[in-house]
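To start, the structure itself, in structure tokens.
A short reminder: the numbers here are calculations on the coordinates, not readings from a lab. Bear in mind that the values here come from a model prediction, so they are computed numbers and not experimental data. Note: ideal-geometry Cβ built from the backbone for every residue, glycine included; neighbour counts use all protein chains shown.
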Amino acid sequence: MTEGYFAYKDNVLMAEGVALDALAKQYGTPLYVYSKAAFKDHLAQYMEAAARYETEKLRSLVCYSVKSNSNIAILNVLAKQGAGFDIVSGGELSRVLAAGGNSQKVIYSGVGKTQGEIKLALQHGILCFNVESVSELKMIDRIAGEMGKKAPVSFRVNPNVDAKTHPYISTGLKKNKFGIPFEEVISAYGLATSLENIAVIGIDCHIGSQLLDDAPLLEALDKVINLVNQLSGKGIQLNHIDIGGGIGITYDDEKPVAIQDYISRVFTKVKAWQDVYCPDRQVTVMFEPGRSISGNAGVLLGQVQYIKSNSGKNFAIVDAAMNDLMRPSLYDAYHGVKPVIIRHVSAGNYEIVGPICESGDWLARDRELAIAEGDYLAFMSAGAYGMSMASNYNTRGRAAEVLVDGDKDYLIRRREVSDDLIALETIVA
């Protein structure tokens, strides 16, 4: 499902006001197509819902998770709407800056920040490091001292809350690599406040992705608020609470919690706590949405190359592959599939596969479709973790990307060609 931004008109699937078959013919396939309106509207759901609860002492900041879709044209659209950004690498920071994002609205997560990445973030004055280990804290302190700076930090708390999602995208359990163990957080903050080049400003928590129910997130928030109270009792006052991201989207028939309802429940908890424990202190509530902004804002187009049958099993072989859209192979993930043009041909049950030499190269299974060789297919809900996870496996150039705005389309990343793929390589004499 990709909402109303991608809908049929006269039997042709459209992206806003542009026909997808026309884009496929103009730019070739595989091709990622994004709706500008969808990105703006999805971000606005967060920002407008949070704004309803803001007061002089209670603020909000929505930091888009860059890893979900990092094209600089997309980041520029969101930056112009006032978004902050959640990054997990120095490369993502460079993208945000190239897109015109405000470095003072950037929070830096991730368990393996390198010395060079920490220096880059300090040079550009980011809002906060979400620190994930005591070793990382000490590294940031040392580098900040060498640069004559004071590094703003929060700790990412691992609350040992089960997000009840796919194990690869669950991040809040003890067995996961992310964050500071819940029982060690107080001592970590104590250490941080003793370090000369560290400014402790907040607390962070992110327990996983594609959550359809906000109950685990609210359970984690309760634990975080309890920690904030304990820290306050030790004289450590925090300026922000970052609840992370994770709200899911509809790929098939899922019914994720409404953003407005989730935001309301978060602010109800935070405001009740603030009114009792710190009515005179300004607190900012921060969110890190990614998939819920980008996922249903894009589709991947592919063209059927061949239709074949092996012992009664039908295959539609398309020019898109696991290197273009990794989620089905990696997570056994579902993406809706729609013919770009509805044709009156016999329907069949197909496994839709790509040309890569792996049995795991499939994009959809057991789909009833009326298609023929040469038809274009749209793989829905592909705006998140599609292009951002793409690779050059089998020496395949990555797809082009197009942004649609009303009845206009813009090429925002050209297709990679063979020369691009070997440009960084050298033959040894």
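Worth a mention:
- Summing Lys and Arg as +1 and Asp and Glu as -1 over all other residues whose Cβ lies under 15 Å from the Cβ of LYS313 gives a net charge of 0.
- Using the Karplus relation 6.51 cos²θ - 1.76 cosθ + 1.60 with θ = phi - 60°, the per-residue 3J(HN,Hα) values for the stretch 231-247 come to 5, 4, x, 9, x, 9, 9, 9, 9, 8, 10, 9, 8, x, x, x, 4 Hz, with x marking Gly and Pro.
- Spin-label pair GLU351-LYS149: with each label point 7 Å from Cα along the Cα-Cβ axis, the two points sit 5.1 nm from one another.
- For the stretch 106-146 and the stretch 48-86, distance of Cα centres in Å: 21
- Cα gyration tensor, the stretch 37-291 - rounded (a/c under 1.5), prolate or oblate: rounded
- Between TYR334 and GLN115, the C-beta separation translates, for a Förster distance of 30 Å, into a calculated FRET efficiency of about 0.15.
- Applying the criteria of a DSSP loop state and at most 11 other Cβ atoms within 10 Å to the trypsin sites (Lys or Arg not before Pro) of the stretch 10-98 yields ARG52.
- Using a Gaussian network model of the chain in which every pair of alpha carbons under 10 angstrom is joined by a spring, one finds that among TYR189, TYR306, TYR385 the greatest mean-square fluctuation is at TYR306.
- 25 Å Cα-Cα threshold exceeded, pairs from LYS80/LYS223; LYS67/LYS308; LYS36/LYS269; LYS113/LYS149; LYS40/LYS67: LYS80/LYS223; LYS67/LYS308; LYS36/LYS269
- Net lengthening on full extension, GLU358/GLU425 (0.36 nm per residue, minus Cα-Cα): 21.6 nm
- Full extension of the chain segment joining SER264 with SER311 gains 11.5 nm, where the gain is 0.36 nm per residue of separation less the Cα-Cα distance.
- From its DSSP helices (H runs of at least four residues, each -39,500 (n - 2.57)), the chain gives a residue-normalised ellipticity at 222 nm of -9000 deg cm²/dmol.
- Where GluC sites (Glu not before Pro) fall in DSSP loop in the stretch 348-404, at most 12 other Cβ within 10 Å: GLU373
- The loop-placed trypsin sites (Lys or Arg not before Pro) in the stretch 237-340, going by DSSP, that have at most 15 neighbouring Cβ atoms within 10 Å of their Cβ come out as ARG281.
- Segment VAL417-ARG343, length gained on full extension (0.36 nm per residue, minus Cα span): 23.4 nm
- Each of LYS25 and LYS271 was given a label point 7 Å from its Cα along the Cα-to-Cβ line. The distance between the two points is 5.4 nm.
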